[in-house]
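The next block holds one structure in the form of structure tokens; read it before the comments.
Derivation of every value follows stated rules applied to the coordinates shown; laboratory data play no part. A quick note: this is a predicted structure, and the numbers were derived from the prediction, not measured. Glycine also receives a Cβ, built like all others from the backbone with ideal geometry; neighbour counts cover every protein chain displayed.
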Amino acid sequence: MTLTVQTTGRTADAAMELRRVQFAALGTRCELQLATADESAARAFVTRAIGWVEAFEAKYSRFRCDSWLSRVNAAAGANWVEADAEAEQLLALCDTLYFVTGGVLDPTILPLLRLWNYHDPQARAPGDEAIAAARRLVGWRKVQREPGRVFLPEPGMSLDFGGFGKEYAVDMVAQLALDHGLGNVLVDFGHDLRVLGAPPGRAAWHIGLENPRAPGTASGSVALAGNRGVASSGDYARRVLIGGKRFGHIVDPRTGRPVANGCVQATAIAGTCLQAGVLSTTAFVLGVPAGIEFIHSFPGAEGLLVTEQVRAQTRGFFRHVVS
């Protein structure tokens, strides 16, 4: 794990010092920003946070052959695998997310993700038969669970927590900050964020919104304070070109194909990063207007969808926009 620690010096609030900690984990760039005069608490939090993320990735990454998740996948169709209390909690969360999103977030989607591999520049579009075969291995309701263990009943079935794992980790690290008495913190894991309080001398954290038509630049920003999460989903960063046609990395498990509804970006603001991530991904898959209606159905949540032709947003989203 690569770690960079930067202290930006005293802020407008002479008692506070804004610290930035950067490290690589969960397949992305992670950053912590914390404002505190308590150096001991800051160091203890950073150490605990990085250690927690390392352990979480080691246990639940499908890219690690020795992870618990990989052992579950390797045992598909053959054996039950023990699940401790934490793993059972995540499996229960999978159940909730599958229900709430109407099957849009399906943790058994991995066979389809492997079929549409945006990591492979030589990839070819799979045929209808291959898609149908992969879809037969997808279905959260097939997963068998008993207290303390889990079983994937068909060979080739696989779990992937990528649809919510990073956002879950953001919230857990934010809770660690609160546990260490830190109330002014920003947790940013690959642009999935949770804010607590506000930076010294300012009323809110300002979060840039990436321009989907010019990745790496911002098309605007939102101001968040208190205890809020924000996340964006889109097909402009992770994609593959097949036969000159762009296919994004977000696959709809209900069709077995990458989302192609004209939506290029979805952003959601909610009470936690996990909620925001679930809302943004689901809204992206549903498109306009169903995606906006989905976000609007959750009290306190706001969202923005950008398509190739229009920008659609919930009524309250503009309140967070910084002009």
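Residues Phe189, Phe298, ranked from the fewest to the most other C-beta atoms within 10 Å, line up as Phe298, Phe189. Taking packing as the residue-averaged number of other Cβ atoms within 10 angstrom, the listed peptides 59-70, 164-175, 211-222 run from highest to lowest as 164-175, 59-70, 211-222. For the stretch 203-323, the equivalent ellipsoid derived from the Cα gyration tensor has semi-axes of 24, 16, 12 Å, listed largest first. For the pair Ser67 and Arg43 in one chain, pulling the backbone fully straight at 0.36 nm per residue adds 5.8 nm over the alpha carbon distance.
The distance separating the Cα centre of the stretch 18-44 from that of the stretch 264-318 comes to 28 Å. Computed from the alpha carbon positions, the gyration tensor of the chain leads to an equivalent ellipsoid with semi-axes of 33, 25, 17 Å, biggest first.
Pair-distance distribution of the stretch 68-151: all C-alpha pairs, bin width 10 Å, starting at 0; shares per bin in whole percent are 16, 42, 32, 10, 0.
May I ask for log10 I(q)/I(0) of the stretch 249-307 at q = 0.24 Å⁻¹, from a Debye sum over the Cα atoms as equal point scatterers with solvent left out? Taking Cα atoms of the stretch 249-307 as identical point scatterers yields -0.89. The residue list Gly127, Val150, Pro107 was ranked by how far each Cα lies along the charge dipole of the stretch 89-150 toward its positive end, using unit charges on Cβ atoms, and Val150 comes out on top.
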